[in-house]
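Reviewing the structure listed below.
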Amino acid sequence: MKSPASLFRGLTLKVRPDYLLGPHTTFKIGGPAQYMVNVNDAQALCDLIGRLNGEGVPFRVLGGGSNILVDDAGISGAVISMGGRLKEIYIREGLLEVGAGLRLPALLRETADLGFSGLEHLAGIPGTAGGAVRMNAGGRERAIGDAVQSVTCVLNAGQLETIPRNACGFGYRTSAFADKIVLSASLKLDEEDRKVIVENMAKVLAAKKLSQPLGSLSAGCVFKNPPAAKSAGQLIQEAGLVGESVGGAFVSAKHANYIINREGAAFDDVLGLIEKVRSRVQDVFAVRLELEIEIWSDRESLRKS
């Protein structure tokens with residue numbers, strides 16, 4: 001791989017080699033990225049993606065760090081963080097245009113201030129708009145994809161493509177953007193009084209606090225709910241796994257689909273507990289739980305976990 005000086009020459013961005021990722025994840029677990037790259041506008045992001053793909057350099061996008069488990073050994077290639085203009089929000093032709101780098105709590109505050117309702121179900125989720133669109137984040141009854149009208153992505157050669165709603169492929173924790181870089185999303189929201197919106201968000205957040213360990217070091221729900229009647233959390237609980245631990249990682253008593261970093265858990269602790277939970281649920285219910293979180297690792301055996 002080329003040196004940072006030659007790989008990123010001529011690009012308008014900030015590059016930090018051997019940048020520790022753990023502090024930037026909600027698990028607080030993970031080693032260094034070979035390169036941390038901060039990008040502040042669309043053209044710089046397009047130029048970067050075109051360069052990285054042209055040179056065969058692997059890359060990932062770091063949003064809020066709330067849905068990932070990063071290997072303590074670190075990862076090769078570039079980790080991209082979006083800031084500046086890629087965090088902006090504005091109104092165009094009655095739709096809300098949201099930059100992928102905008103944090104969800106900030107998005108909810110700004111939409112409330114603008115008098116737009118329809119995203120209250122995202123209260124308590126600490127990610128970014130781009131990450132939320134990519135995984136179609138949401139609650140029991142609604143997901144962000146319900147409001148999306150189009151998504152603008154950066155393709156492999158660094159060109160932009162705007163994808164209309166009917167081609168977004170939104171489903172349960174999935175979309176057509178798994179292998180694309182989300183730049184921005186256009187949302188159609190309802191007009192509502194700010195006070196009502198804030199009250200609705202408070203109700204959603206209060207309900208989540210009762211049933212989820214929101215203040216803990218975790219990555220949120222570890223597994224997707226299977227298509228069967230019972231949720232992943234119910235299956236894990238009924239399999240007798242609440243409180244189960246490996247090293248410093250344990251299954252939450254408040255919500256069994258959360259794995260908590262309680263005592264300085266390592267990457268392998270969480271990974272070992274994931275496999276223990278999967279194995280027990282498979283044995284008891286004949287259900288193979290599918291991961292909702294992403295594993296960031298260079299280990300070949302983990303790339304299709």
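Overview of results
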item	result
Residue tally, condition in a helix (DSSP H, G or I) and surrounded by fewer than 16 Cβ atoms within 10 Å (Cβ to Cβ), over the range 277-303	7
Qualifying residue in the range 272-281 (condition: out of contact with any Leu (no Cβ under 7 Å at 6 or more places or on another chain), among the acidic types (Asp, Glu) and more than 29 Å from residue 31 (Cβ to Cβ))	no
Cross-chain or 6+ apart pairs with Cβ under 9 Å, the range 199-228 first and touching a residue at least 12 places away in the same chain (Cβ under 8 Å), then of a type in the set (Asp, Glu) and part of a strand (DSSP E or B)	219/294
Flag for residue 245 being more than 30 Å from residue 96 (Cα to Cα), surrounded by fewer than 22 Cβ atoms within 10 Å (Cβ to Cβ), modelled with pLDDT under 95 and out of contact with any Phe, Trp or Tyr (no Cβ under 8 Å at 6 or more places or on another chain)	no
Pairs, first in contact (Cβ under 8 Å) with a residue 12 or more places away in the chain in the range 137-151, second acidic (Asp, Glu), C-beta under 8 Å, six or more apart	138/146
Tally of residues being at pLDDT 95 or above, more than 16 Å from the chain's Cα centre (by Cα) and outside any strand (DSSP E or B) across the range 87-113	7
Subset of the range 231-259 (residues that are in contact (Cβ under 8 Å) with a residue 40 or more places away in the chain and under 24 Å from the mean Cα position of the chain (by Cα))	232, 235, 236, 254, 255, 258, 259
Tally of residues being without any contact (Cβ under 8 Å) to a residue 24 or more places away in the chain, in a strand (DSSP E or B) and not charged (D, E, K, R) across the range 152-187	3
In the range 141-172, the residues that are more than 21 Å from residue 89 (Cβ to Cβ) and crowded, with 18+ Cβ neighbours inside 10 Å	158
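Here is a yes/no grid of residues against (1) part of a loop (DSSP other than H, G, I, E, B); (2) in the same structural domain as residue 264 (by TED's automatic domain parsing); (3) not hydrophobic (A, V, I, L, M, F, W, C):
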{"residue": "9", "(1), (2), (3)": "yes, no, yes"}
{"residue": "12", "(1), (2), (3)": "yes, no, yes"}
{"residue": "16", "(1), (2), (3)": "no, no, yes"}
{"residue": "23", "(1), (2), (3)": "no, no, yes"}
{"residue": "29", "(1), (2), (3)": "yes, no, no"}
{"residue": "34", "(1), (2), (3)": "no, no, yes"}
{"residue": "38", "(1), (2), (3)": "no, no, yes"}
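Rundown of residues vs (1) buried (at least 19 other Cβ atoms within 10 Å of the Cβ); (2) not in a strand (DSSP E or B); (3) not polar (S, T, N, Q), yes/no style:
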residue: 200; (1), (2), (3): no, yes, no
residue: 207; (1), (2), (3): no, yes, yes
residue: 213; (1), (2), (3): no, yes, yes
residue: 216; (1), (2), (3): no, yes, no
residue: 225; (1), (2), (3): yes, yes, no
residue: 250; (1), (2), (3): yes, no, yes
residue: 255; (1), (2), (3): yes, yes, yes
residue: 260; (1), (2), (3): yes, no, yes
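The values are calculated or read from the model by the stated rules, or taken from the named source; none is laboratory data. Just so it is clear, the model here is predicted, and its values are computed rather than measured. In this analysis, Cβ positions are derived from the backbone assuming ideal geometry, glycine residues included, and neighbour counts consider all displayed protein chains.
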